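Worksheet: one structure, shown below.
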Amino acid sequence: MASARQIFLVICLVTLCPSGLGFQFSPFVRRTGQGLTKSAGSTGHDPAVRILSASLLGAEEPMKRKQKVLREPALWEYNFGLQDHGIALPHGLQERESPPETYSVSEADIQTLERDGVVLLKGVFDAEWVEYMRTATEKQTDNPHFWSFAGTASKLYDYIQRNVWQTNKAFANFYYHSAVGDILRQMGRCSEIRLSTDLLMVNPNKGFKWHQDNQNGPIVPEEGLRFWITMDTTPADYGSPVYLKGSHENTCVSEEAVFVDIEMEGLEKWKDQQLSFRTNPGDMLIWHPKTVHKIDGPADGIWDTYRRVLGGTAAKEGSLYHDKTGSGGVLSDLGRHGMKDGDDLNSPFFPKIYPRYEEGEARARDEGVVGRNPRDIISKLGGLAGSAAGNRFFSFFQVLGSKSKHPGT
C-alpha cells in the first residue's frame, strides 16, 4: 500500500503540473478522423509518467482506462450566432453558384422503403463528401454552438445540435449542393423537397430504446421522410440502428408518442421482424417517421471511436404547416417565422433543397433572419405546462438506455 508521503507526492504532481502529466480535468482535445490528440505540449500519454504514478501507488502495472473520443465542452467554449469555417465544397462545386448534384435511386429501393418502412442506400456519398462532412463536424465540435448545450450537457450525446444548417454554413451548403435533395424526392415520389429539421449527432452515449421519431418539424408523418447520412463505420457490437420491418403501417402507436413498448397490443405483426443496419461512411438510411426503431449504445456509455451522423426530416411536396404547440413535437419548430396552422410549408425556415435552393431563402439564412427566437420559444414551450402535454413530452425520457430489456433484441 502506498504511504502517506507517496500519496502526497502524487497529489502535488497533479496539482502543480496539470498540463504536463496528463491529469487534466478538462484537457483541450482536438477531434480527428479516428481519435483524439492532446494540445501541443501535453504529455498525458507518456508511458514513463504512467509507470511513475503506478509505482508510487504500489500498482504492478499502469491501469488502462477506456477514454471518450470527444469531451464535453466547457461552458465558456460555446459560441453564438452564425458560424462559417470556410470549408471548400468537393468536386469543384462553387458555393451558391453550382446546381445540386444528382444521384439515381433504383425503383427496387423505393419499393423497399414503401414496403419495409426503411431502406439503406450504400455508398451514396463518396470519399470527398465524407471528408467534407467530417471536417464540418470537427469544426463544429471544436467550436460548439450554444444550441447544442442542452443535449450535450444532458450527456445524451457527446455532441448534438438541432437545425445545425441554420447556424453552420458548411451544412447549409451540403443541402444546397449535394445530391441529398434529389435522392429524397425520388424516395418520396415527388418533385419538391424542403428540409423540415435536421440534427448533427455524435456518439449516443446511452443509446435509445424502441421509439418512433416525433421531432419532425411542423409536418405530419405522411408528409415526411427521415434520413441519416453516416460518416463512420458502425462498431461491431453496438451502435447499429434496428428497425421493426413494416411497422410504419401500425395504427396503435400515437403520432405524438416517442417511447414504444413493442409488446403492446397491435404490434404483434412486426415485433419479431427486425432489420439491423451496420452503416459505413457515405451510406444513407431513409425511413418513414412512424417506423419503430432503436439504437444500443456501449454498455459503459463511452465511445472511444466516432459515430458521426447528419440526420433529419425532409418535407415532401405539398406539405402543410402544422402548429404543434402543446406537444413535444414543437421542440423542432422554435423559429419566429409567423406561419399559421394549415399554411403551405413555404418559408426560409424550412428551405427548399430540390429542385434547387432558392436564393432568397439562402440569403435569409446568411443574414441571420432564420433561427430560434427567445419569445417564440417561451410561447411555444408554454403549451407543455399542461399535464397531458407534459406526459406526451416526457415519453421521450423513457427511450433512454443503453440496452433494451425486451427479449430477442
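Placing pseudo-labels 7 Å out from each Cα toward the beta carbon at TYR103 and ALA153 gives an inter-label distance of 3.6 nm.
Given a Förster radius of 35 Å and the C-beta distance between ILE302 and ARG115 as r, what FRET efficiency does 1/(1 + (r/R0)^6) yield to the nearest 0.05? Can you show the working numbers first?
Working: r = 38 Å, r/R0 = 1.07.
With a Förster radius of 35 Å, E is 0.40.
Which shape class applies to region 77-122: rounded if a/c is under 1.5, otherwise prolate when a/b exceeds b/c and oblate if not, where a ≥ b ≥ c are the square roots of the Cα gyration tensor eigenvalues?
Details: a/c = 3.95, a/b = 1.77, b/c = 2.23.
Note, shape of region 77-122 comes out oblate.
Shape call for region 152-300 from the C-alpha gyration tensor, a ≥ b ≥ c root eigenvalues: rounded (a/c under 1.5), prolate (a/b greater than b/c) or oblate? Oblate, since a/c reaches 1.5 and b/c is not below a/b. Accessible area per residue (1.4 Å probe, heavy atoms of protein chains only) ranks HIS322, HIS177 as HIS322, HIS177, with the largest value leading. Partners of LYS66 within straight-line reach, counting aspartates and glutamates whose Cα lies under 19 Å from its Cα and excluding those fewer than 8 residues away in the same chain: ASP46, ASP158, ASP237, ASP296, ASP300, ASP304. Find the relative contact order for region 135-294 and round it to a whole percent, using C-alpha pairs within less than 8 Å whose residues are 6+ positions apart. Taking the mean separation of contacting Cα pairs over the length of region 135-294, I get 26 percent.
Suppose the chain between GLU317 and ASP126 were pulled fully straight at 0.36 nm per residue; how much longer would it get relative to their current alpha carbon spacing?
Values: separation 191, 0.36 × 191 = 68.76 nm, distance 2.75 nm.
Taking 0.36 nm per residue and subtracting the Cα distance, the gain is 66.0 nm.
Pairs of lysines in region 77-211 whose Cα atoms sit within less than 28 Å of one another amount to 10, provided the residues are eight or more positions apart or on different chains. Cross-link partners for LYS340 among the aspartates and glutamates, with Cα-Cα distance under 16 Å and sequence neighbours closer than 8 places in the same chain left out: ASP323, ASP376. The modelled label-to-label distance between GLN94 and ASP344, using points 7 Å beyond Cα along the C-beta direction, is 3.1 nm. Taking θ as phi - 60° and the Karplus parameters 6.51, -1.76 and 1.60, the scalar couplings of region 241-253 work out to x, 10, 10, 7, 4, x, 6, 5, 8, 5, 10, 9, 9 Hz in sequence order, x denoting glycine and proline.
Would you mind working out the accessible area per residue for region 197-242, using a 1.4 Å probe, and quoting it in Å²? Each step should come with its number before you reach the end.
On the way: 1000 Å² over 46 residues.
Heavy-atom accessible area per residue stands at 22 Å².
Taking every C-alpha pair closer than 8 Å and separated by at least 6 residues, the mean separation divided by the residue count of region 209-333 gives a relative contact order of 50 percent. Annotation: amide H of HIS145 within the under-5 Å range of ASN79, sequence separation 5 or more or interchain, hydrogens built in the peptide plane. With a ≥ b ≥ c taken as the square roots of the eigenvalues of the C-alpha gyration tensor of region 261-333, please select rounded if a/c is under 1.5 and otherwise prolate if a/b is larger than b/c or oblate if it is not? Since a/c reaches 1.5 but b/c is at least a/b, the shape of region 261-333 is classed as oblate.
Carbon-plus-sulfur fraction of the accessible area of region 201-341, 1.4 Å probe, in percent?
Details: 2200 of 4700 Å².
Percent of accessible area from carbon and sulfur atoms in region 201-341: 47.
The values are calculated or read from the model by the stated rules, or taken from the named source; none is laboratory data. A quick note: this is a predicted structure, and the numbers were derived from the prediction, not measured. Counting neighbours? That spans all protein chains shown, and the Cβs are built from the backbone with ideal geometry, glycine included. For accessibility, only protein heavy atoms count, side chains too; no ligands or nucleic acids. Shrake-Rupley method; radii C 1.70, N 1.55, O 1.52, S 1.80 Å.
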